[in-house]
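Quick notes on the structure that follows.
Taken together, the values in this text are just the output of simple stated rules run on the coordinates, not laboratory data. Since this is a predicted model, take the numbers as computed values, not measurements. Quick reminder, even Gly has a Cβ in these numbers, built from the backbone with ideal geometry, and neighbours come from all protein chains shown.
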Amino acid sequence: MPTSRLTTETAQSINDLFNANVRQIWGAGNWPDLTGWGEARFVGNSLTYPNDLSKTANWTANNVLVFANNISNPADNRVTASKILENITFTEHNVTQVVTAFGATMYQASVYARPAGRNYLYLAVNDGTTTFSTFFNVQTGNVGTQANVQSANVQQCANGFFLCTIVYQTGANATSQTYKAGISTDGSTITYDGDVKGLYLWGNLIVQQNNVSPQQFILPWDQTGEAEIDVLFQAWVDSPAMITYPRGQGFVVTRDGFQMISSAGGFMGTNGYVSYNTNPANPIYIYYRRVPYNYSGDEYSATATYVAGQYIYFTRTTGASTGTSDYYKCLATTTAGQDPEDTPSKWEIQPVPEMISQPLIWQTYGDWLIQDGQADKAAQAYGIVEAKKNEEWDRIQRQMPDSFQMTVSTHVTSQSRSW
């Protein structure tokens, strides 16, 4: 039925039914809303957007160009590592972020780094009084000059990256700290004429190491910069894509997210989270279902401003998709006129995955028939829904084998095994 023949009330009713059915269809089977095995997430990180250094609201790029999502990261192999390239100015070349700090507290700062024309990383944190720093050669994997740190180490990782780590203690009066990941020409020089060279960086991290509360190791349902979690099926200490028998990471579901627990069990403060106080147990690796897309929102207005989390209905006016309409989620506060075409970085389209489109359409049609008093026809529509779901599940299982890795524990008197 052409939409032009629908009344506003009918169109809204059908749209509401469609959107209400998304969760039912979404959770009914192994649709593409499931993540790949072992997506890496950081827990207890003081830094925001640890992988995307292009987020100017959080990161300051000092005389460098930032290219987000540039190459595969060393943990889960997603293309989420950033590249920073120095400009030609005679100055320091780095990215920085300011976060809160507790006085007289031990912290660990780390980042995965790989050469992009330069071989040396300068990793530093300043607590307002003291700069804690170390130079790392991320070509050979050597630790260079250190200043004011408790310890520094480097560890070789996948995809040509090295994990570079420093441990330091803030001063007694510290209330904030500035994290810095910079480029060096030779392992001692940080102020120089740039030559459009640089480093790949991923997993910038600051974690507290003493006086740790359990809440610091909660993985939020909706973590900034990551897909929102609907259901968390499994978590691992090791990447299941790289290790035959990865160690499982225990967790408890809470209102705020997923509380990570130690192998000893229980919420036991620092001792209970000892695996998270040392590298490389951060990040953790998870397998989860994403939250369903949302297909509701007011029509876009060019005179309105929007904030993160709002949804709009927008019709494209240029390109091959002219005239097509979709729902979009706002990712950052806009100014008037910043629409999904002009400012795509501030919007995220809400696509309808092909695999669930037909079941969704027929389910919605059946519900509309019920509202219209046509129960017999509705029963036929619901039968088509089941047939469409079975067709798609069969296609997934036969053509795209998806086996869920289950962990089975034997009786306490027997040897524990995973299958």
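Observations, loosely collected:
- Mean residue ellipticity (222 nm) of the chain, computed from DSSP H runs ≥ 4 via -39,500 (n - 2.57), nearest 500: -5500 deg cm²/dmol
- Test item: Cα-centred dipole of region 39-289, Lys/Arg +1 and Asp/Glu -1 on Cβ, debye: 220 debye
- Each residue of region 166-175 was assigned a 3J(HN,Hα) from its phi angle through the Karplus expression (A = 6.51, B = -1.76, C = 1.60, θ = phi - 60°), giving 10, 10, 8, 10, 6, x, 4, 9, 5, 10 Hz with x at Gly and Pro.
- Largest first and in whole Å, the equivalent-ellipsoid semi-axes of region 153-268 read 32, 21, 15, each the square root of five times a Cα gyration tensor eigenvalue.
- Projecting the Cα atoms of Q108, Q310, V291 onto the charge dipole of the chain, computed from C-beta unit charges around the Cα centre, puts Q108 farthest toward the positive end.
- Farthest toward positive dipole pole in the chain [+1 Lys/Arg, -1 Asp/Glu at C-beta], among G203, I384, S54: G203
- Anchor K329: lysines whose Cα lies under 26 Å away (excluding residues fewer than 8 positions away in-chain): K55, K346
- Cβ-based charge dipole, region 39-289, positive-most Cα from A235, F136, G171: A235
- Among S110, S357, S54: highest mean-square fluctuation, GNM of the chain, C-alpha pairs under 10 Å: S357
- Modelled FRET efficiency - R0 45 Å, T129 with S296, Cβ distances, 0.05 increments: 0.30
- For K388, a cut-off of 25 angstrom between C-alpha atoms picks up these lysines, skipping any fewer than 8 places away in its own chain: K377.
- Contour excess over end-to-end distance, with Cα ends at T333 and E391 and 0.36 nm allotted per residue: 16.7 nm
- For the chain, the Stokes-Einstein estimate of translational diffusion at 25 °C and a viscosity of 0.890 mPa s comes to 101 µm²/s, using the Kirkwood hydrodynamic radius over alpha-carbon pairs.
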